[in-house]
Structure formats: structure tokens, C-alpha cells
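Report on the structure given below.
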Amino acid sequence: MRKLRPLIALAAAALPLAACTTTNNYNYAEGDPGTVTTEGGIAEARAKNVILFIGDGMGISTVTAARIYEGQKRGEPGEDNALVFETFPNVALVKTYNTNAQVPDSAGTATAMHSGKKTRMGVLGIGPDAVRGSCRDALAHPLPLLGEEAKEKGLALGIVSTARITHATPASVYARSADRDWEAAVPEAEAQYGCKDIATQLVEADWDVALGGGSAVFFGRDKGGARADAGADLPAAWAARTGGTIARTAAELTAAPAGRPVLGLFSPSHMTYEAERREGSTEPTLTGMTAQAIERLERDPDGFYLMVESGRIDHAHHAGKAGYALEEAVEFARAIRYAVEHTDPEETLILVTADHSHVFTIAGYPRRGNDILGLVVPPAGETGSEEEPIIASDGKPYTTLGYGNGPGAIAGMAERPMPETGLEAQQQATIPLGSETHAGEDVALYATGPGATRARGVIEQNVIYEIIRKALGWD
């Protein structure tokens, strides 16, 4: 029976475990399949279920701004607010670099979390010796996939994303590809060696729930899609093989039989930004998809692995639209809260992290409670005026939030324009680029549940894979 998880009690209860666990080498406890033990002989509960929440691009500055934004949406100052995962008792810092890049991309980082090995930018499920774009290299250097391992060991498997379900982060659960962009097709010169596109790999893989956007890569042009085979219908072939259900709306997802696999494809490409959702939308929210996934996966008596990605935090940052990113992050926290409240804290390890950060800043000495999406107004008593925004040396005000680079750049302009404010604003940036970039600083890992005490210190990103496997008792 599922137990509700009171957050304050949860944090307090986890403290003794954190104090007594001193090693990261865990094995099954002899004679008790429900526990694992440390080298020192200390028994610890084994996780039955694991949920990995990945906020794509949710660096620490994004977490801070989202914390404030969520509080201000309730009419509070915001700074002393806490997002639900910030109450988790175990936290680590995660190094995100790829093997060939100081600042990473999502394919390399997601592969690290789902294979246990760091690799180069742009590739999925293959080692760093494989050159991007080389099918033969990909076939020669496969990495283990956590999704495959979960199914081999009898667990149910779920994948949820607000991005295309074939996009880099969700694809890292089930796919190996020499190029993350091979979502609908492999170039002819490479396909001859036997590599398959990511959409084909999804429908041929073994899983129970896959929910997200990206329907276009599964269909040919005659069916409104983007595949070269004009009549292609991969979901129909998948349903015929598995007996599964295809859902295109939230209502269809809810109505899908619980005892069969379900493939949800809710938009042609990425799902709609939270900030742009309209009343009557047929798309499920991230929380709705998470709820459906948990409800279906928990029917498996052997447990489950579920990866949930908030993919559009990243997309909003690339566009320089901080308000959109924060709306996505707040919905992400809402989905995490649902998982916390609808799983058994004694059986379920919940991990929350990001694949990488963004060049996103919070600056300018604004007063306490200042609108996080607004202009910088100083603390009382710090300037002659207590209500007017601070004026920069060019005679214009500036916003609290900004970017180091991106489409809102002011560099090269004869005169900096007045900054935009509010949810729809595109924040100003320093260096002109068509798309704002990722950043290279560490991201945070928040953990609660069996095995959560291993989230500590400063770790390599691929250690997250080890944390999951050890919590499940696989090592």
C-alpha cells in the first residue's frame, strides 16, 4: 500500500542514515533480498522503485530563481520559499563535462547518467572512442543502458518528457546512436552499416510507458510526419506487436488500459510551454504524465524505473526567455511533489538533478521580494529613491535576470534598448548568439528514499548511474 510522505518528517527521519553510512560499496545483505549492506556490515533498505527527475538545463541559478518565482506566484517575497525537492535531506554537486567538452550537451550528460560512462557531445549510449556520426564506431563501442537493465531484471520501465520522446535525454534510456539528431533517419551512407534511427529504436525497445512529444518522427509524410517512407506508421506497428495503446491526448491517456503498455505522443514536436498552454488544451501536463506513469508502473510487483524530464526549461533558456523557463521549473516541482506524495518513501528512491546548467544570472542588488521577472529596485535606504529602479551608467534600468549570451544580446548595439519585463520577456544578454548556450558549472543532485545517502560531496555525473544500481541492489 502506498504511503504519503510528509516532507518535514521525511527529512528528519533520513538524518540518522546519513550519519552512519560511510562507504559507497553496497551489496545484497546476506539472506535478506530487501536490504543492501555496506562494507562495514551496516544494513540499509533496498529500493524497489527509482524515479530520476531531470530538469534539462536546470542549473543552480535556475533553481534559485524558480524558488523565488514559485513563492511570488503565491504572493510571498519568495526568497525563503523552498521547492519540494529542496527539502530532500541528501544533496551532492555533480560535474557535468563531456569527455571532449568543458561545457556539455544533453546527449553526453544523459548518457553518463544512464550508462555509467562519460562520453563525448552529441552521441547516445556509445563510448567516447566512437566518432560522432560514424555508425561503425557506434556499433563497435556500445555502452550499457539502464532501461535495458531494468527490463532484464524484471522491473517495469517508464519514460516521460515534455520534449520529443526521441530527444537526447529521454532517448538515453533506450537508444544507442552515433548522432543525437538521427531521430527520424540515419544518413544513407551510415545506415548501410546497420544503425537504426532513434524512433525505430524506441518502438523496438522493451518498455511499459513512454509519454512525450515528437509524433512527426514516427510517421511518413502521408500521415503528417517527417519520415522518408511516406506511408510509415511506427506506432501502429508497435501496437500490433505489443498489444499496447497509442494516446494522442490527455483523455486518451487516462482511458488507456492499465495492464498494457502505452505510447503517448501528444504533439508533432516538443510539447507546449506551460506559459503558452491555453484552456482546453488536449496535452497532459508534466504532472499528469508523471501521475499516469506512476499509477501504471507501480502495478508491477517487482518494482519500476521511471525517468521524468522537464525538457523545455532548456529550450526556454536557449531562447533567452527566463519567465518561460521558470514556469517549466515550477511545473517540474509540481510533478516531483506528486511523486513524493504518491509513492512509498520506504520503497522508492527519488533523485532530482539537471543534465547541465545555462549562462543564466541573478544580479543587481534588488530588494527583498523584488519581482524576479522585473527591474532591479534597490533595498530601502540604499539610494535616494526607494521605489524607482536603479539606473545603469547608460541611463536605463536593468533586470534582475539576464544571460551571458543569447538572442537578447546588447553587444554591438549603438544603444541598449529598454529591457523587457514579465513572463513574456526576452532577457538581455551580453554576447550576441542566435541561441543562448549551456554553462559548465556543477549542477545539484537532490535525493530521498532508500539509497539516497549516497548523494553526497562532489561527484562525477556517471556516478548517478552507480547510485541507482546500488540502491536497487544490482551491485
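Numerical summary
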{"quantity": "Qualifying residue in segment 381-402 (condition: of a type in the set (F, W, Y) and touching a residue at least 40 places away in the same chain (Cβ under 8 Å))", "calculated": "no"}
{"quantity": "Candidate set: segment 47-64, residues that are aliphatic (A, V, I, L, M) and in a strand (DSSP E or B); chosen: the one farthest from L286 (Cα to Cα)", "calculated": "V50"}
{"quantity": "Residues that are more than 16 Å from the chain's Cα centre (by Cα), outside any loop (DSSP other than H, G, I, E, B) and in contact (Cβ under 8 Å) with a residue 24 or more places away in the chain, drawn from segment 116-141", "calculated": "I126, C135, R136, D137, A138, L139"}
{"quantity": "Selected residue (criterion: surrounded by the fewest Cβ atoms within 10 Å (Cβ to Cβ)) from residues of segment 450-475 that are touching a helix residue (DSSP H, G or I) at 6+ places or on another chain (Cβ under 8 Å) and in a loop (DSSP other than H, G, I, E, B)", "calculated": "D475"}
{"quantity": "Segment 65-95: number of residues that are of a type outside the set (G, A, S), within 30 Å of R296 (Cα to Cα) and in a loop (DSSP other than H, G, I, E, B)", "calculated": "3"}
{"quantity": "Candidates A150, A163 - the one that is closer than 21 Å to R296 by Cβ, small (G, A, S) and part of a strand (DSSP E or B)", "calculated": "A163"}
{"quantity": "Boolean, N27 is under 24 Å from G303 (Cα atoms) and modelled with pLDDT under 95", "calculated": "yes"}
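The values are calculated or read from the model by the stated rules, or taken from the named source; none is laboratory data. Because the structure is a prediction, the values reported are computed rather than measured. Glycine also receives a Cβ, built like all others from the backbone with ideal geometry; neighbour counts cover every protein chain displayed.
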